[in-house]
1. Taking the range 42-75 as the search range and keeping residues that are farther than 15 Å from Glu103 by Cα and assigned to a loop (DSSP other than H, G, I, E, B), which one is modelled with the lowest pLDDT?
2. Look through the range 213-234, keep the residues that are among the aliphatic types (A, V, I, L, M), loosely packed, with under 13 Cβ neighbours inside 10 Å and part of a loop (DSSP other than H, G, I, E, B), and return whichever of them is modelled with the highest pLDDT.
3. Quick one: Asp42 ticks every box in (1) without any contact (Cβ under 8 Å) to a residue 60 or more places away in the chain; (2) surrounded by 18 or more Cβ atoms within 10 Å (Cβ to Cβ) bar one, so which box is it?
4. Which of (1) modelled with pLDDT of 95 or more; (2) surrounded by 11 or more Cβ atoms within 10 Å (Cβ to Cβ); (3) among the aliphatic types (A, V, I, L, M); (4) in a helix (DSSP H, G or I) is the odd one out, the single condition Ala194 does not satisfy?
5. Any residue in the range 115-128 that's at pLDDT 95 or above: show its pairings with residues that are among the β-branched types (Val, Ile, Thr) at Cβ separation under 8 Å, as long as the two are six or more apart or on different chains.
6. Run down Leu89, Leu39, Leu59, Leu75 and say which single residue is on the phi < 0 side of the Ramachandran plot, touching a Ser or Thr at 6+ places or on another chain (Cβ under 8 Å) and hydrophobic (A, V, I, L, M, F, W, C).
7. Among (1) at negative phi; (2) outside any helix (DSSP H, G or I); (3) touching a helix residue (DSSP H, G or I) at 6+ places or on another chain (Cβ under 9 Å), where does Arg108 come up short?
8. Could you please find all residues in the range 136-150 being crowded, with 17+ Cβ neighbours inside 10 Å, of a type in the set (A, V, I, L, M, F, W, C) and under 22 Å from the mean Cα position of the chain (by Cα)?
Amino acid sequence: MEAACQPKPSPEHPVAAPIRPLMADPACLERSRLYSEELGIDLSGHADEQYFRWFLASLLFGGHIGETIARRTYLAFRRHRLTTPRRILAAGWDFLVNPIMREGGYVRYDFSKSEQILRDCQKLVDEYDGSLWQLHQVARDAHDLEARLLAFYGVGPVTANIFLRELRPFWPKSDPAPLPVVAAIAARLGVDLASYGRKTIIFARVEAGLIRLRHQLRRQAVATVKPSASAEQEVPQLRHCG
């Protein structure tokens, strides 16, 4: 009887089918590549130049641009061998704006982003002899480490989190809490973050995977999908793993 009460589908009034709950495969998330690894940056080797490369990438990913432009801009820095604070300072503002930002695809914020990077490189050189490891060493604890990063020009909580979260397994004082958006997507996908040790590489991989899935879900949300009247509506498969 209950089924008979359901309206019959028609072209004018299609029936909205039930949506299956979203779930993520923990094993898949645990194999996710770190964003630093995706850029060819090795944070495990205790090398200051690698730390700076990740800091530079974090400044770009934390800005008001998309991931694709941030990635292309980082690769432009690398292509022009601007991978230390002193080399960037020697290159100067004009060179950062063009060709670096142009090659990366910036059409807005190129002037301000170039200024930010130069100011942050200068601060790193002046206060920590150009060494991010020295910054870590002089920090009293995890809170002081974050505070010192937030003192850099244009660095807010998101940028500081981007930089520190993939350093948790390698820097003793790096232990930022996951961003609220990460905790929210984990809860939505049924991922228990508390089941992982926050200082482990596995946690960092799960976090990176969740961030990618969040971007994927946002893209799917804006896509126009016509529901099927003959089959259960299913959220498109979360394919990104790694």
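The values are calculated or read from the model by the stated rules, or taken from the named source; none is laboratory data. Fair warning: this is a prediction, and the values are worked out from it, not measured in the lab. So basically every Cβ, Gly included, is an ideal-geometry build from the backbone, and we count neighbours across all protein chains shown.
1. Among those that are farther than 15 Å from Glu103 by Cα and assigned to a loop (DSSP other than H, G, I, E, B), it is His64.
2. Within the range 213-234, the first condition is being among the aliphatic types (A, V, I, L, M), and the residues that meet it are 213, 217, 221-223, 225, 229, 231.
Adding the requirement that they be loosely packed, with under 13 Cβ neighbours inside 10 Å leaves 221-223, 225, 231.
Adding the requirement that they be part of a loop (DSSP other than H, G, I, E, B) leaves 223, 225, 231.
On the way: Ala223: 73, Val225: 49, Ala231: 38.
Of everything passing the filter in the range 213-234, Ala223 is modelled with the highest pLDDT.
3. (2)
4. With respect to (1) modelled with pLDDT of 95 or more; (2) surrounded by 11 or more Cβ atoms within 10 Å (Cβ to Cβ); (3) among the aliphatic types (A, V, I, L, M); (4) in a helix (DSSP H, G or I), Ala194 is out only on (2).
5. Ile117/Ile88; Leu118/Ile88; Asp120/Val155; Cys121/Ile88; Tyr128/Val138
6. Details: Leu89 fails: touching a Ser or Thr at 6+ places or on another chain (Cβ under 8 Å); Leu39 fails: touching a Ser or Thr at 6+ places or on another chain (Cβ under 8 Å); Leu75 fails: touching a Ser or Thr at 6+ places or on another chain (Cβ under 8 Å).
Selected residue: Leu59, the only one of Leu89, Leu39, Leu59, Leu75 that is on the phi < 0 side of the Ramachandran plot, touching a Ser or Thr at 6+ places or on another chain (Cβ under 8 Å) and hydrophobic (A, V, I, L, M, F, W, C).
7. Tallying (1) at negative phi; (2) outside any helix (DSSP H, G or I); (3) touching a helix residue (DSSP H, G or I) at 6+ places or on another chain (Cβ under 9 Å), Arg108 fails exactly one: (3).
8. Within the range 136-150, the first condition is being crowded, with 17+ Cβ neighbours inside 10 Å, and the residues that meet it are 136, 139, 142, 145-146, 148-149.
Next, from what is left, pick out any that are of a type in the set (A, V, I, L, M, F, W, C): 139, 142, 145, 149.
Result: Ala142, Leu145, Leu149.
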